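To start, the structure under review is shown below, and the notes come after it.
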Amino acid sequence: MRNIRHSLRFRLAITFAVFGALIGLLLSMGLSFAAHKLGERLMDETLSAEIEDFLSRRAHNPHALLPATISVRGFVHMRDNVSEDIPPGLLRLASGRYELTLDDVPYRVAVVDKNGERYFMLFNETQQRHREQQFLIYLIIGAVVTTLISAVIGWILAGRVVAPVAELARRVSAAKPEDEVHDVANGFADNEIGKLARVFDGYLTRMRSFIDRERAFTLDVSHELRTPLAIVQGVVELMEDDQTLDDRHQERVARVRRANREMTDITSALLLMAREKVLTEPAVKSCDVWKLVEDTVEAHRYLLNDKTLVELVCKSCPYIEAERVLLGIVVANLIRNAFAYTDSGKVTVLLDDNTLTVMDTGPGIAKEEIGKIFQRQYKGSGSTGSGIGLSLVKRICDQYGWRAIVESTVGQGTTARLIFSSPGAASLEGSSTNAEFRNAAQGALSAATEKTSAASFGGDVIFR
């Protein structure tokens, strides 16, 4: 849909002006055409009257003179006598009415055959054409004045027409969903604007009901979910301190602890994002991104096997103004996916001033799937998740203005980049090739090993 740059009042005024100009133009063309035809008719009647008058005078006086004034001139062509005064251009004309120019002077010519003679009567059109031009100028001026008057009248009338719409817009913009006063439709007549105002009232009512339900749901979730999760966490901690449990049961308790921790983090993240002012409120404190990366890698170490190496490279240790829980959700999803889908090979995690890069040598993502991975509840081929993780990453990135870019080549691996940028520049992208970036990242990793190096054997991350 094209952009509407001008106000409704301006467009109505322009419509009136165009309508006035069109009416003025049509009226001017009609009057100009009628004046021209009327002038031709008057000249023809004058010429006919002059011919009849000359014939009448000649019947009483054979030597009667033809008209020879500034406006009218006459000539007679006799059968046996050709007058030398007759212009050659007249001799070629048959009986009828003509427009003719002689010596740069326009004439209206009437040719009549009578009693074996041909009579030519000429009317000088110079004055008539001058009058028609003056009349046309007056018509053009009248059309311009009509257009201006139409624009002024249109502007005044448009103001009165648009006033109810402007008032409705003011009331709608002033109405807040949390305000319980229903005054949008108050005072409007039972017309189209009144119906529109009542529709807005209905939507505001539904929105207020939705907000009330959302607040109640958020409060219920905050209490009813966090309480049992806290209880489970307490029980898990007690079971971990029980020295009588063997390794198999300790592993099961660890799985419960991890699941409970993930559920707690997701619940906290969803509750934070449900807050209306999450973007405008400052973060509670800055997050140490590298410390978060280390904790996340340690928490998901169980996903690694003996054939997977993990390399952690920290070129810089930035601090991000964001909720740690939300940033943790994003980082955990990128690292967990790399760990889970890399059966053998290497996973590289690189952090610099404003970018976190997670690169693996897993099976990669097909070209037809790479553009859908951030869609809600989308699960690619071979995925065992619920399809919520990356869609949640997308929502968090949209709120903070970060960029999440995933590049992948089937059979070679996947590279995910999280770029911390200013709010308003958020975007999520997917690409089916990452060869250039992989080469650049490998160069950066090689250069960074002089300051920091990391190696992993059998899924255990070891720093030195």
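When each of Ser32, Ser95 is scored by the number of other beta-carbon atoms lying within 10 Å, the sequence from fewest to most is Ser95, Ser32. What net charge is computed for the residues neighbouring Ser95, neighbours being all others with C-beta under 10 Å from the C-beta of Ser95, Lys and Arg scored +1, Asp and Glu -1? In short, +2. Evaluated at 20 °C with a viscosity of 1.002 mPa s, what Stokes-Einstein diffusion coefficient in µm²/s does segment 8-133 have when Rh comes from the Kirkwood expression over alpha-carbon pairs? So the translational diffusion coefficient is about 124 µm²/s.
Assuming charge only on the beta carbon of Lys and Arg (+1) and of Asp and Glu (-1), the dipole of segment 8-133 about its Cα centre is about 660 debye to the nearest 20. Rounded to the nearest 0.05, the FRET efficiency derived from the C-beta distance between Lys176 and Ala366 at R0 = 56 Å is 0.75. For the pair Arg255 and Asp220, what calculated FRET efficiency results from E = 1/(1 + (r/R0)^6), where r is the Cβ-Cβ distance and R0 = 30 Å, to the nearest 0.05? So the FRET efficiency works out to roughly 0.60. Beyond 31 Å between alpha-carbons counts as too far, so tell me which of Lys346/Lys394; Lys291/Lys394; Lys291/Lys346 fall in that bin. Those over the limit do not exist; all pairs fall within it.
Volume per residue for segment 94-200 equals 204 cubic angstrom (convex hull of Cα atoms).
Working note: Karplus 6.51/-1.76/1.60 with θ = phi - 60° gives segment 158-171 the couplings 5, x, 6, 6, 7, 3, x, 5, 5, 5, 5, 4, 5, 5 Hz, where Gly and Pro are set to x.
If r is the Cβ-Cβ distance from Leu238 to Gln375 and R0 is 35 Å, what FRET efficiency results, to the nearest 0.05? Working from the Cβ atoms, E equals 0.30.
Farthest toward the positive end of the dipole of segment 8-133, out of Leu90, Ile70, Met29, is the Cα of Met29, where the dipole comes from beta carbon charges about the Cα centre. Length gained on full extension, Met207 to Ile193, computed as 0.36 nm times the residue gap minus the Cα-Cα distance: 3.0 nm. For Tyr107, nonlocal amide neighbours, meaning residues 5 or more places apart or on other chains whose placed amide H falls under 5 Å from its own, are Leu100, Thr101, Leu102, Glu125.
Normalised by residue number, the volume inside the convex hull of the Cα atoms of segment 205-254 is 59 Å³ per residue. Take 328-339, 108-119, 401-412, 347-358 and order them by the average number of nearby Cβ atoms within 10 Å per residue, most first; the result is 328-339, 347-358, 401-412, 108-119.
Taking a sphere under 14 Å around the Cβ of Ser32 and counting the other residues whose Cβ falls inside, with K and R at +1 and D and E at -1, yields a net charge of +1.
Taken together, the values in this text are just the output of simple stated rules run on the coordinates, not laboratory data. Because the structure is a prediction, the values reported are computed rather than measured. Using ideal geometry, Cβ is built from the backbone for each residue, glycine included, and neighbour counts are taken over all protein chains shown.
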